[in-house]
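Peer 1: Dropping a structure here in structure tokens format, bear with me for questions.
Read-outs throughout are calculated quantities, based only on the coordinates presented, and are distinct from any laboratory measurement. Quick caveat: nothing in here was measured; it's all calculated off a predicted structure. Here the Cβ positions follow ideal geometry from the backbone for every residue, glycine too, while neighbour counts run over all protein chains shown.
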Amino acid sequence: SVGVIDIDELLQPNLAQPLLTPDPQHRPHAPWSHKPHCTTSTRLATLGQRYCVYTANTTGPHGISFVFTPSSARLATKYLDDNPLDSFLTRDEAENLFLGDGPPWKIIDVPGKDKGVVATRKIKQYETFMMDQAAVVVDMDAEKALSAEENQKLLKVAVDRLLVPAMIRDMSGKHNRLEEDARKKKADHEDDEEEGKLEEDIMKTNAYGGTVADVSSRALYPLISQRINHACNPNSFVLFSRAGVSMAIKAYRDIQPGEEITVSYLLLGQPFTERQHLIKRWGFACTCDLCSLPDKERQASDLRRTMIARAEEKIVELANKGEIHEAIRLAEESVEMIREEDSYVMLAMLYREIAHRTKAEEYGQKALELLGNLGFLGVGEERDAWTLGMLMRNMEGFGGVGSRWGKGKRQ
Ligand SMILES: C[S@@+](CC[C@H](N)C(=O)[O-])C[C@H]1O[C@@H](n2cnc3c(N)ncnc32)[C@H](O)[C@@H]1O
């Protein structure tokens, strides 16, 4: 009926299908849509280990292909219906996002960076405004167990079997621009392009490293990975679902209409030289606002960042020694520096550290609130069910929730 959203309508129609019901006649490899395509390792350390392409081409907007071992693939089947709408949005939030003027962002040309994404309306702090599912997931061990050519071939099959291979191949693969130039020259001479090299470049440029379906993987989320540029002090961040199959982009702070949406491809909080060094792996020199600051301001920012990192170490050390009041005092001082640096994740981690180490009620409550706002405690009822006591108990190793902390970085 008018004005009432039916969540099932928002799901990809195919996600509502009983994917896990084998249908021997029509889908002999169910839940997979194709016969797994396998390669066996001939390297001594992993001799005989098989890695195969497992595709479910009706899952999500583009289908999903795993390059996994058979046993990992069996376990991954339970995550095929990992839907971002369930992981990241309450019903109200889904209504806000999907009813009305459509998504609050668009893709535009950004000088010096090809394309980028800008906000088309104000996006509120902590709002979830983009979602996607992985299209290609590759077990990082496959890269070691198989030769480069074997990996490339598996990647090619993985992309071929998706619903929209052309969309994936359209993505930028500039990561190895220099290497690519060298390769082109070589190809001009030899006239035989390596099969799967394009897909490999696209993965290197766009994939996120993390745990997907319990496997350390590189995963490509095409709607999102494709166009969001990097900034060292980003206005948004990437949040993964528990299984890692879905991801969302959330705002760290209010974003104004026309402002570019950015995420960090690196761990936050590092000084300029380290950042530039690390970003080189993506084949570009960062020209974000922070890296483009005049020398003096950049040095001030670097100094703050170094002091924040030192303070964090010291806080933990003090807390471990039982010098709680001193730890809290230093933490309060650091919070000011962190505010100046605009690094909300660091702030959250600091609160978390304090809450854990000192069990100080006030900081614990702040940690609970901030982690909730950042989306680390789930949505709706799941989020509301979190208590300070539960948070404290989950701080040790940060349990299932904490496993999502390290994931925002690309590899
Ligand atoms: C995942 S893509 C992002 C979308 C890209 N701008 C496009 O049009 O396809 C990553 C590429 O964007 C460009 N890029 C992203 N962030 C940048 C930054 N902070 N400074 C300079 N170039 C950047 C680089 O060319 C990089 O290889």
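Peer 1: Past the 22 Å Cα-Cα mark, which pairs from Lys113/Lys156; Lys115/Lys280; Lys144/Lys204; Lys153/Lys204; Lys115/Lys250?
Peer 2: Lys113/Lys156
Peer 1: Would you please state the base-10 log of I(q)/I(0) at q = 0.11, 0.16, 0.23 1/Å for segment 72-178, with intensities from the Debye formula using one equal scatterer on every alpha carbon?
Peer 2: For segment 72-178, the Cα-only Debye profile gives -0.58, -1.06, -1.30.
Peer 1: By the scheme Lys and Arg +1, Asp and Glu -1, what is the net charge of all other residues having a beta-carbon under 13 Å from that of Thr46?
Peer 2: -1
Peer 1: Let me ask something else about it. Round to a whole angstrom and tell me the spacing of the C-alpha centers of segment 242-306 and segment 64-91.
Peer 2: 29 Å
Peer 1: A further question on this structure: For segment 271-278, in order, what is each residue's ³J(HN,Hα) by Karplus, 6.51 cos²θ - 1.76 cosθ + 1.60 with θ = phi - 60°, in whole Hz (x at glycine and Pro)?
Peer 2: With coefficients 6.51, -1.76 and 1.60, one gets x, 3, 4, 4, 4, 4, 5, 5 Hz.
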